[in-house]
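Note sheet for the following structure.
The values are calculated or read from the model by the stated rules, or taken from the named source; none is laboratory data. This structure is a prediction, so every number in the text was calculated from the model and none was measured. Every residue, glycine among them, receives a Cβ derived from its backbone with ideal geometry; neighbour counts consider all protein chains shown.
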């Protein structure tokens, strides 16, 4: 999350945090570039076969130059299932919880997840999850859809959906706390037709919007997926 607004406190970016120099995020502050080839990373052929060959890199641009934030590679296809929940707070009701959605690479030693938990630079799997409907999670987010992050070295069953318990346990290993490592999903902006794209607002939030390829018995389709990578500054005293 972005830190408090005081000048003495550095601002940090959600998910792949780097030092920022202003509280307001503008679309022109960020660009999307192609990620490096997966063959240049320590990625197994079994995972490479599941992922799109070209990923998206979010880059922050300042007068000091360009700083890479994170790389995102989506899976080639996500199996779509019969919608199980039509609640308005669910964005993707046809994706099974525990399904592999893609691979994320943190490029900063100050990376944080959506709960301000510090995460080490490196490769993490992204699997689809939903916030439970209980008193412990009320008001956490407008939508219940999230991605849980796990270290690639720990996630060894890439070709199958994990149970909720197994996924949470795996993601807790990444955070090193009692809470899983979480990435927020937000409602895609339909005005952006050419993807990938950077979507920013004047509140200080910035997401990268990409095409997720779904496949079901009815055929294949593309669905926009918006991953929140930069969050607005919190009120003074927040973190």
Quick count over region 147-176, residues being over 16 Å from the mean Cα position of the chain (by Cα), outside any helix (DSSP H, G or I) and surrounded by fewer than 22 Cβ atoms within 10 Å (Cβ to Cβ), is 10
Do we have any residue at all in region 86-97 that's within 21 Å of residue 220 (Cα to Cα), out of contact with any helix residue (DSSP H, G or I) (no Cβ under 7 Å at 6 or more places or on another chain), in contact (Cβ under 8 Å) with a residue 60 or more places away in the chain and surrounded by fewer than 18 Cβ atoms within 10 Å (Cβ to Cβ)? yes
Search result, residues across region 112-126 that are assigned to a strand (DSSP E or B), more than 22 Å from residue 158 (Cα to Cα) and in contact (Cβ under 8 Å) with a residue 60 or more places away in the chain: 112
Yes/no for residue 104 being part of a strand (DSSP E or B), within 17 Å of residue 155 (Cα to Cα) and touching a strand residue (DSSP E or B) at 6+ places or on another chain (Cβ under 8 Å): yes
For region 25-83, the count of residues that are at pLDDT 95 or above, part of a loop (DSSP other than H, G, I, E, B), within 23 Å of residue 120 (Cα to Cα) and out of contact with any helix residue (DSSP H, G or I) (no Cβ under 9 Å at 6 or more places or on another chain) equals 1
Looking only at residues in region 177-188 that are over 24 Å from residue 50 (Cβ atoms) and under 16 Å from the mean Cα position of the chain (by Cα), which one is surrounded by the most Cβ atoms within 10 Å (Cβ to Cβ)? 186
Within the bounds of region 194-210, is there any residue that is without any contact (Cβ under 8 Å) to a residue 24 or more places away in the chain, farther than 24 Å from residue 76 by Cβ and either part of a helix (DSSP H, G or I) or over 17 Å from the mean Cα position of the chain (by Cα) (or both)? no
